[in-house]
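As structure tokens, the structure follows; a few thoughts come after it.
The values are calculated or read from the model by the stated rules, or taken from the named source; none is laboratory data. Source: prediction; values computed, not measured. Backbone-built Cβ (ideal geometry, glycine too); neighbour counts: all protein chains shown.
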Amino acid sequence: MFTTLRRWSAWAPSVETRADWRAWATNPVNLPDQGVPALPSIPAIRRRRLSGLSRMAFQVAFDCLTGAEGACVNSVFASHHGEMPIMLELTDAVIDREPLSPKKFSHSVYNTTAGHFSIETANQLPSVSLCGGHASFCYGFLEALAMTHRNPGNPTLLVMADVPLPDFFALYDRPPVFPYAFAALLANDSATEGTRLQLDLAPDKNTEEEWGFPQALVFLQWLLSGETQLAHHHHHQRWTWQKLSN
């Protein structure tokens, strides 16, 4: 499967600009575990309605788009844990027989960010929100590729965002240790300016490969490097990205 990555954007506490990310890619370290982007492009009255996860997703999405592109892109919003911190707060409120916050309730589903994005940009094109477990970025990328090929007239915006899990879940999963978001604008046209990529999937004997950082940021580190190939193993599946041009 082939695609052209036109643009990318990423955000994490203390690492926001392209120069910051290029520096981080050469010497990756864990980042602060709290923080949200300022998001000055969104009016304050609407910005206050966004969760931290949605604010990060909005930041990278709008950094990745130019002009009125937001209204004419397909979109895929991927997240491993989604709004799990909000879900835990709501669950605690139910257990304690306290009233539920309407704002938090509306932010407790996976497609919250997609809904806000479509409203903010007046976008009526196809959009998917998904979770693929530890391989959420991989499956998000695959879905974005499929969407780009199904709708070749419009590029597809891929957004991957996650926040650290509450301590309650520490025994059950491997959370990201810092909040982050990554976005990529993918196009089907090989003549489009950007990095031409190929993704191959194949059965593999290895079950899973431990990465020191979130998959999306490992992908970004590879994208900024001189390496031509990146491979990831997950549940007997091998995902291989290859750069065909820069």
The one condition in (1) of a type in the set (Asp, Glu); (2) surrounded by fewer than 19 Cβ atoms within 10 Å (Cβ to Cβ); (3) touching a Leu at 6+ places or on another chain (Cβ under 7 Å) that Glu83 fails to fulfil
(2)
Test set (1) modelled with pLDDT of 95 or more; (2) out of contact with any Cys (no Cβ under 7 Å at 6 or more places or on another chain); (3) not basic (Lys, Arg) - Glu89 fails condition number:
(1)
Sole miss for Ile42 among (1) more than 17 Å from the chain's Cα centre (by Cα); (2) more than 26 Å from Thr156 (Cβ to Cβ); (3) assigned to a loop (DSSP other than H, G, I, E, B) is condition (2)
Among (1) at pLDDT below 90; (2) surrounded by 18 or more Cβ atoms within 10 Å (Cβ to Cβ), Glu98 falls short only on (2)
Note on segment 1-13: residues in a loop (DSSP other than H, G, I, E, B) and either surrounded by 19 or more Cβ atoms within 10 Å (Cβ to Cβ) or touching a helix residue (DSSP H, G or I) at 6+ places or on another chain (Cβ under 8 Å) (or both) are Met1
Residues being over 28 Å from Ala187 (Cα atoms), of a type outside the set (A, V, I, L, M) and at pLDDT 90 or above - total across segment 35-77:
1
Selected residue [aliphatic (A, V, I, L, M), farther than 25 Å from Leu130 by Cα and buried (at least 18 other Cβ atoms within 10 Å of the Cβ)] from Ala38, Ala25, Ala61, Ala57
Ala25
Thr148 versus (1) crowded, with 17+ Cβ neighbours inside 10 Å; (2) part of a loop (DSSP other than H, G, I, E, B); (3) β-branched (Val, Ile, Thr): which is the lone unmet condition?
(2)
Pairing a residue in segment 41-57 that is without any contact (Cβ under 8 Å) to a residue 12 or more places away in the chain with any residue that is surrounded by 17 or more Cβ atoms within 10 Å (Cβ to Cβ), where Cβ atoms lie under 9 Å and the two sit 6 or more apart in sequence or on different chains, gives Arg47/Leu39; Arg47/Arg55; Arg47/Phe58
The one condition in (1) touching a residue at least 12 places away in the same chain (Cβ under 8 Å); (2) over 15 Å from Asp33 (Cβ atoms); (3) assigned to a loop (DSSP other than H, G, I, E, B) that Gly153 fails to fulfil
(1)
Select from segment 45-80 the residues that are out of contact with any strand residue (DSSP E or B) (no Cβ under 6 Å at 6 or more places or on another chain), part of a helix (DSSP H, G or I) and not small (Gly, Ala, Ser) and write down the one among them that is farthest from Asn123 (Cα to Cα).
Ile45
Hey, can you tell me all the residues within segment 41-54 that are within 17 Å of Ser79 (Cα to Cα) and either among the aliphatic types (A, V, I, L, M) or surrounded by fewer than 20 Cβ atoms within 10 Å (Cβ to Cβ) (or both)?
Leu50, Gly52, Leu53
Pick from segment 210-246, criterion assigned to a loop (DSSP other than H, G, I, E, B) and among the polar types (S, T, N, Q), ranking: farthest from Met1 (Cα to Cα):
Ser225
Looking only at residues that are exposed (fewer than 14 other Cβ atoms within 10 Å of the Cβ) and among the small types (Gly, Ala, Ser) in segment 171-217, which one is modelled with the highest pLDDT?
Ala202
